[in-house]
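Quick notes on the structure that follows.
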Amino acid sequence: LEGVETQVVETPYGRPSAPLRVGAFGPHRIAFMARHGEGHALPPHRINYRANLWALKSIGGARVIAVNSVGGITEAWGPRVIGVPDQIIDYTQGRTVSLWDGEGEALHVDFGEPYTPALRRALVEAAKAAAVPVVDGGCYAATQGPRLETRAEIERLRRDGCDLVGMTGMPEAALARELGLDYACLAIVANWAAGRAPTEEVITLDEVLANMAAATAPLPGLLRALRF
C-alpha cells in the first residue's frame, strides 16, 4: 500500500479486530483489515465479524475480497492452490450470525449465491490477466474451530459436496450481504484437510508456512489486474 493512513473505527457492534490500513494499491484505493487482529491473536470463533464489516462499510467500502487460508478436500484443491469458491455450507455454531438479532428484529436476505457473482468473475478474469492459475468455483465448508477437523468430519464434508474447509467464511459472507457489500473469497490452500493427503506423512508447521508463502506471492499481481 502507498500513502497508508491508519483509521480506528468505532462501531455499534464493538471494536473491529484491528485498525484499518487505507491506501493506494495499483489503480485501486483499498482498506486492509487484519481479521485475526494484529499479531494474529484472535481465533476464528472470537472474531467480531459484525464490527469488521460495519467498519469497512462506514468508510465507504463497497466490495470485500476475503483472503482465507483453507484446507483442501477434493483433488483440485491441493496445497498452494488459489481458488475462488462459489458456494458455502455453514457448519459453525454459537456465532452471532446477523446484524439484526434484537427482539422484534429480523432480516431475511437472499443468500442463494453467497459470493457476489460479478466480483467472483472479476477475480477470475484478473487471475487470467495476471497469468495466475486459480480454481474457478468450489464449495467452502465453514467450520467452528479453533481446532482442526477429524478425518471423519472431513469425510462428511466431502460427502456433502465441499471442496475446501476453513473457519472464517461464515458468518462473514452473510453479514456482508446484510450490509449490501459485494463479497468474494480468495481461498489459499495451506494443506490437505485431515485424511485427504495422498501420503500419511505428518504435515509440519514449516510446510504449511511455506505453502502459504508460495501461494500468496502472486496475489499482488492478481489484485493489480483487478477491474470492475
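The values are calculated or read from the model by the stated rules, or taken from the named source; none is laboratory data. Every value quoted in this text rests on a predicted model; they were computed, and no experiment measured them. Cβ sites come from the backbone with ideal geometry, for glycine too, and all protein chains shown count toward neighbours.
A few comments on the model shown:
- Checking each residue in the range 87-109 for being free of Cβ contacts under 8 Å to residues at least 12 places away in the same chain and either under 18 Å from GLY180 (Cα atoms) or touching a Pro at 6+ places or on another chain (Cβ under 6 Å) (or both) picks out ASP101, GLU105, ALA106, HIS108.
- When restricted to residues that are surrounded by 17 or more Cβ atoms within 10 Å (Cβ to Cβ), of a type outside the set (A, V, I, L, M) and touching a strand residue (DSSP E or B) at 6+ places or on another chain (Cβ under 9 Å), the range 26-53 contains 5.
- Within the range 196-209, being surrounded by 10 or more Cβ atoms within 10 Å (Cβ to Cβ) and either closer than 21 Å to ALA131 by Cα or among the β-branched types (Val, Ile, Thr) (or both) holds for ILE203, THR204, VAL208.
- Scanning the range 210-222 for residues that are among the aliphatic types (A, V, I, L, M) and surrounded by 19 or more Cβ atoms within 10 Å (Cβ to Cβ) turns up ALA215, LEU222.
- In the range 87-127, the residue that is surrounded by the most Cβ atoms within 10 Å (Cβ to Cβ) out of those that are among the charged types (D, E, K, R) and under 26 Å from PRO27 (Cα atoms) is ARG120.
- The residue list ALA51, ALA62 contains one member that is within 17 Å of the chain's Cα centre (by Cα), over 25 Å from LYS128 (Cα atoms), modelled with pLDDT of 95 or more and not charged (D, E, K, R), which is ALA51.
- Considering each residue of the range 5-16 in turn, none proves to be closer than 25 Å to ALA210 by Cα and loosely packed, with under 14 Cβ neighbours inside 10 Å.
Residues checked against (1) of a type in the set (Val, Ile, Thr); (2) buried (at least 24 other Cβ atoms within 10 Å of the Cβ); (3) closer than 24 Å to LEU223 by Cα:
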{"site": "GLN144", "(1), (2), (3)": "no, no, no"}
{"site": "ILE154", "(1), (2), (3)": "yes, no, no"}
{"site": "ASP160", "(1), (2), (3)": "no, no, no"}
{"site": "MET170", "(1), (2), (3)": "no, yes, yes"}
{"site": "ILE188", "(1), (2), (3)": "yes, no, yes"}
{"site": "ASN191", "(1), (2), (3)": "no, no, yes"}
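- In the range 112-228, counting only strands (runs of 3 or more DSSP E) that sit wholly within it, the ones holding 3 or more residues that are under 20 Å from ASN48 (Cα atoms) span 182-192.
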